[in-house]
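*Asks:* First, the structure itself, so that you have it in front of you.
Here, each number is a calculation from the coordinates, and none is a lab measurement. This is a predicted model, so every value here is computed, not measured. Note that we place each Cβ from the backbone using ideal geometry, even for glycine, and neighbour counts take in every protein chain shown.
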Amino acid sequence: MKTLRDLFRDYRFAVSFIVLLIIIILAFLSVFSPYDPTLWNVVPRDMKPSAEYWLGTDSNGQDIFWQATFAIRNSLIISLIAGLVSRVIAILVGMVAGYKGGATDRVLMFISDSLLVIPLFLVFVMLAMLVREHMNLVVLGLMLSLLTWPWDARLIRSMILSLREQEFTKTAILSGTGTVKLVLNEYMPFTMPLIFSTLINNIGFAIGLEITLAIIGLVDLMTPTLGTMLNWALFYQSTFLGRWWWVLTPVVLSNFLFIALYWQSVSISEYLDPRTRIQRVGA
């Protein structure tokens, strides 16, 4: 609780927390949608925002407000799958490499460094083309998680290398503490803030990748996400035809989501830095 109180003293964390809470509430509202998000022509086409259609309707005959709730939900599902799976890989690689050292460390870091220099976007495009017929939320989330862990694994490894030299590690080893117990009980509490911070970064990165792949048509366009909403708006040239409400909805939601996630990440990262932490909490 003290950590949360300290974090909420930073206006960026407080504001971004409220924004993310509103976005999550919008995602939960999809449960109450009166429309099937995959069906077209369920409402009049190209209606401007009104009391009946809060964000208007699109050229597919869909209510944009309810489509947006599904889009937020699905984009969050994709990004959470990508973020959580990549965190598991990063934790395993980083902790094993940092604790074991030697040949194990060199092999794992060679793999990580090799993946860091690969042009990720081109790889994701090729992977999306290969699994396009089987594309769904889970497949897309897993695909985005495959290559987004190396840098975070290096960060975790660096922290483990430092912790391994501490006196409590030597004491635990001399007292007969097993490796798994040592890592889970002693190292994990130190690495959790870093893991959480990098998770937020990866969620934002995954959302951006999904939007990019959707715009170029490499995902299931019948499944509403922030990316597919933008794809359909561009396909029907909504900007040129004056249907601003259609293209503006996914753009505004995406920007709010990116900024909120960025502020969360920056705020947590600064809190973890002892120098800025002293200034913020007045220690």
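*Asks:* Report, to the nearest 10°, how far helix 11-29 tilts away from the longest principal axis of the Cα atoms in the chain, using its own Cα long axis and a range of 0 to 90°.
*Replies:* 50
*Asks:* Determine which lysines satisfy two conditions relative to Lys170: a Cα distance under 25 Å, and not lying fewer than 8 residues away in the same chain.
*Replies:* Reachable lysines: Lys100, Lys181.
*Asks:* The stretch 1-27 to the stretch 89-116: how many Å between their Cα centroids?
*Replies:* Using only Cα atoms to place each centre, the spacing works out to 34 Å.
*Asks:* For the chain, what does the helix formula give at 222 nm: sum of -39500 (n - 2.57) over DSSP H segments with n ≥ 4, over the residue count, nearest 500 deg cm²/dmol?
*Replies:* Numbers: 13 runs with 200 residues, N = 283.
Only helices count here, giving -23500 deg cm²/dmol.
*Asks:* For the chain, find the longest principal axis of its Cα atoms and tell me its angle to the long axis of helix 150-164, 0 to 90°, nearest 10.
*Replies:* Tilt relative to the chain: about 30 degrees.
*Asks:* Further, regarding this structure: Could you tell me the extents of the stretch 96-187's C-alpha atoms along the three principal axes, largest first, rounded to whole Å?
*Replies:* Extents along the principal axes, in whole Å: 55, 25, 17.
*Asks:* For the Cα atoms of the chain, what angle does the longest principal axis make with the long axis of helix 64-100, in degrees from 0 to 90, nearest 10?
*Replies:* Once rounded, one gets 20 degrees.
*Asks:* Once you mark the GluC sites (Glu not before Pro) that are in a DSSP loop and have at most 14 other Cβ atoms within 10 Å, what is the longest gap between them in the chain? Could you put the intermediate results ahead of the total?
*Replies:* Details: sites that count: Glu52, Glu165.
With a cap of 14 other Cβ atoms within 10 Å, the longest stretch comes to 166-283.
*Asks:* What number comes out for the charge environment of Trp66, summing +1 per Lys or Arg and -1 per Asp or Glu over other residues with Cβ under 13 Å away?
*Replies:* -3
*Asks:* Could you list Trp232, Trp246, Trp54, Trp66 in order of exposure, starting from the residue whose Cβ has the fewest other Cβ atoms within 10 Å? Walk me through the intermediate numbers first.
*Replies:* On the way: Trp232 21, Trp246 27, Trp54 13, Trp66 24.
The most exposed by this proxy come first: Trp54, Trp232, Trp66, Trp246.
*Asks:* Among Ser175, Ser33, Ser238, what is the fewest-to-most ranking by other Cβ atoms within 10 Å?
*Replies:* Working: Ser175 8, Ser33 14, Ser238 20.
Ordered by Cβ neighbours within 10 Å, fewest first: Ser175, Ser33, Ser238.
*Asks:* Relative contact order of the chain: what whole-number percent is it, with Cα pairs under 8 angstrom and at least 6 residues apart?
*Replies:* Worked out over the chain, it gives 27 percent.
*Asks:* Still on this structure, please answer the following. Please report Ile118, Ile111, Ile64 as a ranked list, fewest other C-beta atoms within 10 angstrom at the top and most at the bottom.
*Replies:* On the way: Ile118 11, Ile111 14, Ile64 26.
Placing the least packed residue first, the sequence is Ile118, Ile111, Ile64.
*Asks:* Can you tell me what percent of all Cα-Cα pairs in the chain are more than 33 Å apart?
*Replies:* 34
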